[in-house]
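Colleague: Input: one structure, supplied below.
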Amino acid sequence: MGEHYFSKNPQSKSDRTIWNTTLRGHTLTFTTDIGVFSKERIDFGSRLLIESFTEPTAPGKILDLGCGYGPVGLAIAASFPQRKIIMSDINERAISLATHNAHHNKLKNVEVRNSDRFTQIPECFAAILLNPPIRAGKAIVHQMFTESYQALNQAGEFWIVIQKKQGAPSAKKKLRELFQKVEVVQRSKGYYVYKSIKLD
């Protein structure tokens, strides 16, 4: 397999870019690079997930799983400063960028971890957000759903965004196998935002 944004250590030559954007009413500055997902701008799916998310009723931390350079986790951290936000990714370059972006945007309620899925994430969460790595394959994506269910507190919420043509129907079926409640929170341009709640 060639190099992807979910490669552990991208070998492509670094070429950093800096730009600003507004998410959930907060202007944030992002440094991005080759070898991470959607380096030129925040992709439509991630933006839809960010803007659709609502604070969970359950207490506890929030996890941005597969954070990339950090747009989802940092937007949520800016919106809910009383919550601790954990951001994780397997991609070491993405982790470096996410750490830099958290510091640059002066977000103190963020912790960034280099982790292959949940290997370095032992705790449980009030909410987990995921824009799944579709190119990693359906088996891995669905395994991330299962691991996320296991890593949620009682009444914890699992939020994902996925395109219909990239597996939304099968993702919904898998989520319904795992979770007691699954709902479509938002739908736009072929993208679906699902919120699944762990009720027992």
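We did not get these values from a lab; they are worked out from the coordinates using the rules stated. Since this is a predicted model, take the numbers as computed values, not measurements. We place every Cβ from the backbone using ideal geometry, glycine too, and count neighbours over all the protein chains shown.
Colleague: Suppose R0 equals 45 Å. What FRET efficiency, 1/(1 + (r/R0)^6) with r the Cβ-Cβ distance, do Arg41 and Lys173 give to the nearest 0.05?
Modeller: E between Arg41 and Lys173, to the nearest 0.05, is 0.90.
Colleague: While we're on this one: Please report Rg over Rh for segment 84-200, where both radii come from the alpha carbon positions and Rh follows the Kirkwood definition.
Modeller: Result for segment 84-200 is an Rg/Rh of 0.97.
Colleague: Which percent, nearest 5, of DSSP beta bridges in the chain are antiparallel?
Modeller: Of all bridge pairs located within the chain, approximately 55 percent are antiparallel.
Colleague: For Leu199 and Gln163, calculate 0.36 nm times their separation in residues minus their Cα-Cα distance, and state this gained length in nm to one decimal.
Modeller: That pair, Leu199 and Gln163, stretches by 10.4 nm at full extension.
Colleague: One quarter of the convex hull surface, Cα atoms only: what value does that give for the chain in nm²?
Modeller: For the Cα atoms of the chain, the hull's average projected area reads 10.2 nm².
Colleague: Kirkwood Rh and Cα-based Rg: tell me the resulting Rg over Rh for segment 141-187, rounded to two decimals.
Modeller: Ratio of gyration radius to Kirkwood radius: 0.93.
Colleague: Cα-Cα over 23 Å: which of Lys84/Lys181; Lys165/Lys195; Lys39/Lys181; Lys61/Lys195; Lys39/Lys198; Lys39/Lys174?
Modeller: Pairs exceeding 23 Å: Lys84/Lys181; Lys39/Lys181; Lys39/Lys198; Lys39/Lys174.
Colleague: Over all directions, what mean area does the Cα convex hull of segment 80-148 project, stated in square nanometres?
Modeller: Its average projected convex-hull area is 5.1 nm².
Colleague: Hey, another quick one. In percent, what relative contact order does the chain have, based on Cα pairs under 8 Å that are 6 or more apart in sequence?
Modeller: In percent, rounded to a whole number, it is 18.
Colleague: Can you give the helix-only mean residue ellipticity at 222 nm for the chain, where every DSSP H stretch with n ≥ 4 adds -39500 (n - 2.57) and the sum goes over all residues, rounded to the nearest 500 deg cm²/dmol?
Modeller: Here the helix-only value at 222 nm equals -8500 deg cm²/dmol.
Colleague: Just how far, in whole angstrom, is segment 45-117 from segment 135-158 if you go by their alpha carbon centroids?
Modeller: 17 Å
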